[in-house]
Structures are given as C-alpha cells and as structure tokens.
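Novice: Can you keep this structure in mind? I'll have questions shortly.
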Amino acid sequence: MKVFEHGQTPLELRRFGGQDSGPLRAWDAADELVVDYLREQKNHVAEVLFVNDAFGALTLCQGEWASETFTDSHCSQLAIVRNALNNSIEVEGLRLLNSIDQVTIQPTHLVVKIPKRIELLEYQLMQLSKTVLASTKIILAGMVKHTPRAVFDISMRWLSAVQVHRAQRKARLIEGRNLSVPSGYVYKPSGYRLPGLGLSITSHPQLFSAGKLDHASRLLISFFASRNETNVLDLGCGTGVLGLAYASHHPKAAVSFTDESKTAVRIAELNWNQNGFEPNRGTFEVDDCLEKHPCGHYDLVVCNPPFHLGHSVETSTARRMFVGARRCLSSGGRFLVVANRHLGYHRQLKELFSTAKTISSDPRFVVIESVKK
C-alpha cells in the first residue's frame, strides 16, 4: 500500500481496479504540489472545487476547507469512495459531482488537474467560468512532461494575473484568477458522418477520437454486416459508434451501450436519438466493466478497449472488461475486440474464453473473436 503524506493525515491510497502493480501510484507530484500550496495558504482557503481528481488524493486530503469534486469518470468516483472507506473517512461527507452544473459552493480556489486533451481543458474552463467568482484563485496542475506549450497559452487567454510556479519534482502549478471566456472563443461540438450508413455522429472533447472515426473502429465495423446476433452490447461505447453501426446494419437488433464515462453514455444516447432509432431498441447505462449488467444476457459484445489511463499506459482495465464480457455473454455468445496488435490480448482472451481467433489484422490493429463455451 502506497501512502500519500502531504495532507494533515497520511492517506493509504490505491489506484482503481487492480492498477497498483509496478511503480504507478494513486497520485502524482502535481497532487502533492496542490496540497502543499493549499496548506500554505492557511486561512485564505475556505472552499475548494477540485476537477479531474483521479483517485482521491485531492478530495480526501484533510485541510481547513470545504470541498466539492467533479469528475466525469464513474471509476474515479468509485476509487475516491473506496479510498475514503479504507482511510476511515465518512463517505456521506464527500461531495462528488456528476456535472459541473451541480456545484453548490462559491469556491475561493478552483483546482483543475490538466487533462490529456487540450480541447477538454478549454471546454472545462468554459463550463467552470459560469460557476466561479472573479476573485476565485484558479490553479492548473500537471506534470511538466504532460504540460505542452498550449496549456500556457490557454492560461494567458482565460485567466488574468497569471503566475507560472517553478517546477518541483517534475510537476508545476499555474495560478491565476478572473476566469472568463476569451473573446472569439466559441465552443462547437465536433462530429462526423459515418460513410455508407448515413449516420451522424456527435462527439465531445471528453471522448476518444473526437471529430472523426478512428481506424480501429472502422476495421471492426467492417465485420458487422455479416453478423446475425440480435442482443448486442457496445462495451466502452464512447460516442456509441460501434453500437449505432451494428443497429443500422441489423434493424431488429437490440443494442445496449455502457461506459464508465458519464459523458460517453449521454452522447451515445444523443446519437441514438438523433439518428432516428426506435427508443425501445437501445439501453444506456454508466457502469464499471459490466458490474451492474446481467449474467448470460448478450449474444454479442463488441469492444474497442482503452489502453491508457490519462497519460499512463494501462491494460488492466481491458482485462476487467474482458472478464465482464465473458460473464455477461450467453453460452455460445461472441466477443469481438479490436486493439493495437502490440498489446498481445490473444493470450488473455484465450485464457478466459479458450478461443481467440484473429479474423483480421493490419500493421497496427487486430480484430479478435472469442466464443463463450
């Protein structure tokens, strides 16, 4: 167990879902700098809004302030709750928000862990500008190697009185105030049309491959027309493009969509409705690797699993998705996975399903079909 020692009391923190192997911790040096900074402010910190806290290092650090935490990730919320319980912190006292619109405090300090996608940072700042006061101190926190020049440019455009702190322990804070939407900035939802199927796909900065169909999904979709399964699950649905494509090829199929991102499930349902599919054919649920889904229920599960968690390469989530898929498939049900070929998912799938047949590959990606016996 790794111990975070920068709050008033040491915290034993775990990463979520068995991701504790190797050197990865449930926090980074940017979290340490944030807590050190807030504690140095003492009586000047009354209420803090944390954004993008992954495992609870910020939310659970005990200081002389009240706080609320927004994260789009269902898994991050679960991790924060589990780490609270492991450290005898009352879960009822936590304010974990599903939307920035749910903020109830007027924060003296807003702390944003810099997300991987720059477009998402600007989108979140736009949303947050409706919530904070001009006097609210804004803290952008990240590791130096993951803070491109664009982040500094954004801070200069969105904030005033900007101070770039000296890098420490390979992390850095950027401080400012008066968060406001810069002149000329207009948020335009990204999207695209799916060739051959006439589907319109709306995306979001929170989601993978915003604004275009990624090559791996295109490869997997090419196998849908020849399928005959009628009870299908899009696992880790993102925009829902896999499930939408399957539903378009098979007008009688029922399709379920699930993701740990609340935004993903919302956008998938939006795409389902705006493309005119019958409401009773589609279901949508936020979940972690099918924990809430019924056993033995689906004929087919399709999946383009992630292999990054933030900036870290991380494959344990994919493993948990595979386990969940096997549990939720009916006997004889099929699991179709597309993934980068270097990840070597054949071994894991063969171990879980006894079969792992490569049905397509190219220099980067491989499509694997497994059958539940």
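Novice: Over 25 Å from Ala29 (Cα atoms), in contact (Cβ under 8 Å) with a residue 12 or more places away in the chain and in contact with a strand residue (DSSP E or B) (Cβ under 6 Å, 6 or more places away or on another chain): which single residue out of Val132, Val144 fits that description?
Specialist: Just one listed residue meets the conditions, Val132.
Novice: On to the next question. Quick test of your reading of the structure: Ala247 fulfils all but one of (1) assigned to a helix (DSSP H, G or I); (2) free of Cβ contacts under 8 Å to residues at least 24 places away in the same chain; (3) not acidic (Asp, Glu). Name the failing condition by number.
Specialist: Every listed condition holds for Ala247 apart from (2).
Novice: Please tell me if Ala210 is buried (at least 19 other Cβ atoms within 10 Å of the Cβ), modelled with pLDDT of 95 or more and outside any helix (DSSP H, G or I).
Specialist: no
Novice: Before we move on, is Leu60 in a strand (DSSP E or B), at pLDDT 95 or above and under 23 Å from Ser261 (Cα atoms)?
Specialist: So Leu60 fails the test.
Novice: Could you tell me whether any residue of the range 42-49 is in contact (Cβ under 8 Å) with a residue 24 or more places away in the chain and assigned to a loop (DSSP other than H, G, I, E, B)?
Specialist: Checked the range 42-49: at least one residue is in contact (Cβ under 8 Å) with a residue 24 or more places away in the chain and assigned to a loop (DSSP other than H, G, I, E, B).
Novice: Could you grab the pairs with beta carbons closer than 8 Å, sequence gap of 6+ or different chains, first residue in the range 319-333 and farther than 17 Å from Asp234 by Cβ, second one small (Gly, Ala, Ser) and at pLDDT 95 or above?
Specialist: Ser331/Gly296
Novice: Ok, one more. So Val34 fits all but one of (1) closer than 27 Å to Ser129 by Cβ; (2) surrounded by fewer than 17 Cβ atoms within 10 Å (Cβ to Cβ); (3) modelled with pLDDT of 95 or more; what number is the exception?
Specialist: (2)
Novice: Gly332 versus (1) in contact with a strand residue (DSSP E or B) (Cβ under 7 Å, 6 or more places away or on another chain); (2) open to solvent by 30 Å² or more (accessible area, probe 1.4 Å); (3) under 20 Å from Gly240 (Cβ atoms); (4) of a type outside the set (Lys, Arg): which is the lone unmet condition?
Specialist: Checking Gly332 against (1) in contact with a strand residue (DSSP E or B) (Cβ under 7 Å, 6 or more places away or on another chain); (2) open to solvent by 30 Å² or more (accessible area, probe 1.4 Å); (3) under 20 Å from Gly240 (Cβ atoms); (4) of a type outside the set (Lys, Arg), the one that fails is (3).
Novice: For the range 154-185, which residues satisfy the criterion of being open to solvent by less than 20 Å² (accessible area, probe 1.4 Å), touching an Asp or Glu at 6+ places or on another chain (Cβ under 8 Å) and assigned to a strand (DSSP E or B)?
Specialist: Passing the criteria: only Ala171.
Novice: Just need a number here: residues in the range 297-321 that are at pLDDT 90 or above and assigned to a strand (DSSP E or B).
Specialist: Adding up the residues that qualify gives 6.
Novice: Pairs only if they're at least six apart or on different chains, beta carbon under 7 angstrom, first in the range 275-294 and touching a residue at least 12 places away in the same chain (Cβ under 8 Å), second assigned to a strand (DSSP E or B) and open to solvent by 30 Å² or more (accessible area, probe 1.4 Å); list them, first residue then second.
Specialist: Between residues of the range 275-294 that are touching a residue at least 12 places away in the same chain (Cβ under 8 Å) and residues that are assigned to a strand (DSSP E or B) and open to solvent by 30 Å² or more (accessible area, probe 1.4 Å), the close pairs are Asn275/Ser200; Arg281/Ala254.
The values are calculated or read from the model by the stated rules, or taken from the named source; none is laboratory data. In this text the structure is predicted, and so the values were computed from the model without any measurement. Reconstructed Cβ throughout: ideal geometry from the backbone, glycine too, with neighbour counts over all protein chains shown. Quick note on the areas: whole protein, heavy atoms, side chains included, nothing else; ligands and nucleic acids left out. Shrake-Rupley method; radii C 1.70, N 1.55, O 1.52, S 1.80 Å.
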